[in-house]
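**Q** Got a structure here, written out as structure tokens. Questions coming.
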Amino acid sequence: MAADTGCRLGEVEKMIRFEYWNSGATGIVIGISGGVDSAVAAAFCCRAVGPERVLGLSLPSSVSNPDDLRDAAEFCEKFGMTHEIINIDPMLRGFRTSPGFVDTPYLTGNLMARVRMALLYYHANRDNRLVCGTSNRSEFMLGYCTKFGDNAADIQPIVHLYKSGIYEAARELGVPDAIVRKAPSAGLWEGQSDEREIGLSYPEIDAALVALESQSWSPKTPNEEKVLTLVKKSAHKRLAAPNLLTVHQTL
């Protein structure tokens, strides 16, 4: 795998097993979207603790692509993990009855991400599971995620991997080609495309991030300027909330 992946597959699995055993959990739950990021993260979990301990939840809405649900089901069957489907439309209808509710793709898309994470944590609490995150390094650095939504997790097995590394890991882990080949989409509204929304392709994003890190975050190209702006703007998503509490005690 490429040097930017940060560590070999076995090291990711060791990290998952350590956190799993250390927490006292009896399972892992992960959102399975039918996309490559969740597939790679789930494959790592299955290899680390066994597929019988991994629950994959697909949480579609009325704007979800049916092909993604089919791919998610086929992936879970291939890897031997339990797969359940919960439609989130009834929950979204509940929010729409709230006074002053405004329905825009941006607002509702973020709400969908948080509803999905609430469901994942419900199952984690109910079944003593850890919630596995699916954020990759490219999107994490750009802030292309929803705060307390898809960036919330107990473990983050792929956050060290650029998107290019995700595809390499997917091929090595045996993720089905139908998932690897599809255009990246968060599925938050019909026809949504990650690259179109960001305004750069993932190869361009990864190249800019690698260059910026090697240049002490001093941009030299327009793409690097744009990526740096996104990195700075989204810093709050990667940091703890500002506070005046300092803990001196070591537990």
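Only the coordinates and a few stated rules stand behind these numbers; no lab work does. Model, not experiment: these values are computed from the prediction. Backbone-built Cβ (ideal geometry, glycine too); neighbour counts: all protein chains shown.
**Q** Restricting attention to region 68-80, report how many residues are touching a residue at least 40 places away in the same chain (Cβ under 8 Å) and either within 17 Å of D150 (Cβ to Cβ) or among the acidic types (D, E) (or both).
**A** Within region 68-80, residues that are touching a residue at least 40 places away in the same chain (Cβ under 8 Å) and either within 17 Å of D150 (Cβ to Cβ) or among the acidic types (D, E) (or both) number 4.
**Q** Also: State all residues of region 70-90 that are surrounded by fewer than 18 Cβ atoms within 10 Å (Cβ to Cβ) and either among the basic types (K, R) or not in a strand (DSSP E or B) (or both); if no residue qualifies, say none.
**A** R70, A73, E74, E77, K78, G80, I86, N87, D89, P90
**Q** Taking region 16-64 only, how many residues are assigned to a loop (DSSP other than H, G, I, E, B) and within 18 Å of the chain's Cα centre (by Cα)?
**A** 8
**Q** Determine, yes or no, whether R114 is basic (K, R) and either out of contact with any Ser or Thr (no Cβ under 9 Å at 6 or more places or on another chain) or crowded, with 20+ Cβ neighbours inside 10 Å (or both).
**A** no
**Q** Right, something else. For residues in region 200-242 being in contact (Cβ under 8 Å) with a residue 24 or more places away in the chain and not in a helix (DSSP H, G or I), which is surrounded by the fewest Cβ atoms within 10 Å (Cβ to Cβ)?
**A** By that ranking, first place goes to R238.
**Q** Further question on the same structure: Out of region 120-148, which residues are surrounded by 19 or more Cβ atoms within 10 Å (Cβ to Cβ) and assigned to a loop (DSSP other than H, G, I, E, B)?
**A** G133, T134, S135, N136, Y144, C145, T146
**Q** Counting only residues that are of a type outside the set (V, I, T) and touching a Ser or Thr at 6+ places or on another chain (Cβ under 7 Å), which one in region 204-236 is nearest to P184 (Cα to Cα)?
**A** Step by step, filter region 204-236, then rank; the result is D206.
**Q** Here's something else I'd like to know. Give the residue that is nearest to V29 (Cα to Cα), with candidates limited to residues of region 81-132 that are of a type in the set (K, R) and touching a residue at least 60 places away in the same chain (Cβ under 8 Å).
**A** Selected residue: R129.
**Q** Among the residues of region 143-170 satisfying the criterion of being free of Cβ contacts under 8 Å to residues at least 60 places away in the same chain and hydrophobic (A, V, I, L, M, F, W, C), which is farthest from R181 (Cα to Cα)?
**A** Ranking the qualifying residues of region 143-170, first place goes to F148.
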